[in-house]
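K.L.:
Take a look at the following structure, please.
The values are calculated or read from the model by the stated rules, or taken from the named source; none is laboratory data. Predicted model, so just to flag it, every value in this text is computed and none were measured. In this analysis, Cβ positions are derived from the backbone assuming ideal geometry, glycine residues included, and neighbour counts consider all displayed protein chains. These accessible areas exclude ligands, DNA and RNA; they are computed on the full protein's heavy atoms, side chains included. Shrake-Rupley method; radii C 1.70, N 1.55, O 1.52, S 1.80 Å.
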Amino acid sequence: MAAVSYDSIAVLKNFADRQHITYPLLSDQGSKIIRAYEILNETIKPGTSTYGIPYPGIYVVDAHGRVVSKYFEDDYEDRIATGDILVRQFGASVDAARGTVETKHLQITTAASNGVARPGLRIALSLDIELKPDMHVYAAGVQGYIPVDWRLEQGGPAAKRHAFEYPQSEMLRLEAIGETVAVYRRHIRILREITFGQEAFLKSLVSPGGELIVRGSFRYQACDDRKCYVPQEVPLEWRFKYEGLDRQPVPR
């Protein structure tokens, strides 16, 4: 891993020492490489101190030097977390901000790609759902039944919720009523992304202990081979350690 910035070597060394960064920070003074890659942020006015920055992004390159994927943001204040990429592209485990909720029908493990909430950081949230034996729930989008529904509280300026897809379901024949319906059984994992808002909004939501909490719910109706149970709405939460931006200027 390496990072490219329009800052000087001296500025990058000061920042790396302060933040204990051990991977290479590469200086592209004059933004020659940034321009060659056509990622110069042209919303920045020439002549200002930040002119020359790129759109923030990450390239993933294979052993032969080929770009196999890229992740970029339009807003210069936003960043995608490397943990998010490791989870969604490479199938890494989701271990941060873990919690467990259990009902009569299933167990839900909540987790996130990152355990730290920073302004403008895009991360992945996950639900790992283990259904109890012989149980099924109805897949998202089915008609005439109560499908699963993962909701997050309205984030407003505190967090942007991104569109997501539910996993592939399976078709189950319900012999008692003579219908075939899309369902989930055994284990399912659902991933979705959020981007934390900017510092001015997040700071007001941080607890005295330094935590930022994201809340949501999971709605479902479970059935087994004999009957269907009363629909449930399970409250969920993810707890993050909050870290503000490093605003310390480097020495002149």
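K.L.:
The conditions are (1) touching a residue at least 40 places away in the same chain (Cβ under 8 Å); (2) more than 30 Å from Val60 (Cα to Cα), and Gly144 fails exactly one of them. Which is it?
P.N.:
(1)
K.L.:
Next question, about the same structure. Answer yes or no as to whether Glu175 is within 23 Å of Leu86 (Cα to Cα), loosely packed, with under 13 Cβ neighbours inside 10 Å and either in contact with a Gly (Cβ under 6 Å, 6 or more places away or on another chain) or not small (Gly, Ala, Ser) (or both). Walk me through it before giving the result.
P.N.:
Numbers: within 23 Å of Leu86 (Cα to Cα): no; loosely packed, with under 13 Cβ neighbours inside 10 Å: yes; either in contact with a Gly (Cβ under 6 Å, 6 or more places away or on another chain) or not small (Gly, Ala, Ser) (or both): yes.
No; evaluated as a whole, the condition is false for this residue.
K.L.:
Tell me which of these Gly57 doesn't satisfy, since it passes every other one: (1) out of contact with any Lys or Arg (no Cβ under 7 Å at 6 or more places or on another chain); (2) of a type in the set (Gly, Ala, Ser); (3) open to solvent by less than 70 Å² (accessible area, probe 1.4 Å).
P.N.:
(1)
K.L.:
Out of Val214, Val230, I need the residue that is β-branched (Val, Ile, Thr), open to solvent by 50 Å² or more (accessible area, probe 1.4 Å) and closer than 19 Å to Ile108 by Cβ. Which one?
P.N.:
Values: Val214 fails: open to solvent by 50 Å² or more (accessible area, probe 1.4 Å).
Sole residue among the options that is β-branched (Val, Ile, Thr), open to solvent by 50 Å² or more (accessible area, probe 1.4 Å) and closer than 19 Å to Ile108 by Cβ: Val230.
K.L.:
Can you find a residue in region 200-210 that is within 15 Å of Glu130 (Cα to Cα) and buried (at least 19 other Cβ atoms within 10 Å of the Cβ)?
P.N.:
Looking through region 200-210, none of the residues is within 15 Å of Glu130 (Cα to Cα) and buried (at least 19 other Cβ atoms within 10 Å of the Cβ).
K.L.:
Looking at this structure, is Lys160 out of contact with any strand residue (DSSP E or B) (no Cβ under 6 Å at 6 or more places or on another chain) and open to solvent by 30 Å² or more (accessible area, probe 1.4 Å)?
P.N.:
So Lys160 does not fit the description; no.
K.L.:
Moving on. Residues of region 109-120 being surrounded by 20 or more Cβ atoms within 10 Å (Cβ to Cβ) and among the aliphatic types (A, V, I, L, M), which ones?
P.N.:
Passing the criteria: Ala111, Ala112, Ala117.
K.L.:
Additional query: Filter region 97-114 down to the residues that are under 19 Å from Arg161 (Cα atoms) and over 11 Å from the mean Cα position of the chain (by Cα), then identify the one that is modelled with the highest pLDDT. I'd like the intermediate steps shown before the answer.
P.N.:
Looking only at region 97-114, we keep the residues that are under 19 Å from Arg161 (Cα atoms), and these are 97, 110-114.
Subsequent filtering for residues that are over 11 Å from the mean Cα position of the chain (by Cα) retains 97, 110.
Working: Ala97: 87, Thr110: 95.
The residue in question is Thr110.
K.L.:
For residues that are part of a strand (DSSP E or B) and without any contact (Cβ under 8 Å) to a residue 24 or more places away in the chain, scanning just region 6-44, find the one that is least open to solvent (accessible area, probe 1.4 Å). Please lay out each step first, then the result.
P.N.:
First, the residues of region 6-44 that are part of a strand (DSSP E or B): 25-27, 40.
Those still in the list that are without any contact (Cβ under 8 Å) to a residue 24 or more places away in the chain too: 25, 27, 40.
Working: Leu25: 47, Ser27: 49, Leu40: 20 Å².
Step by step, filter region 6-44, then rank; the result is Leu40.
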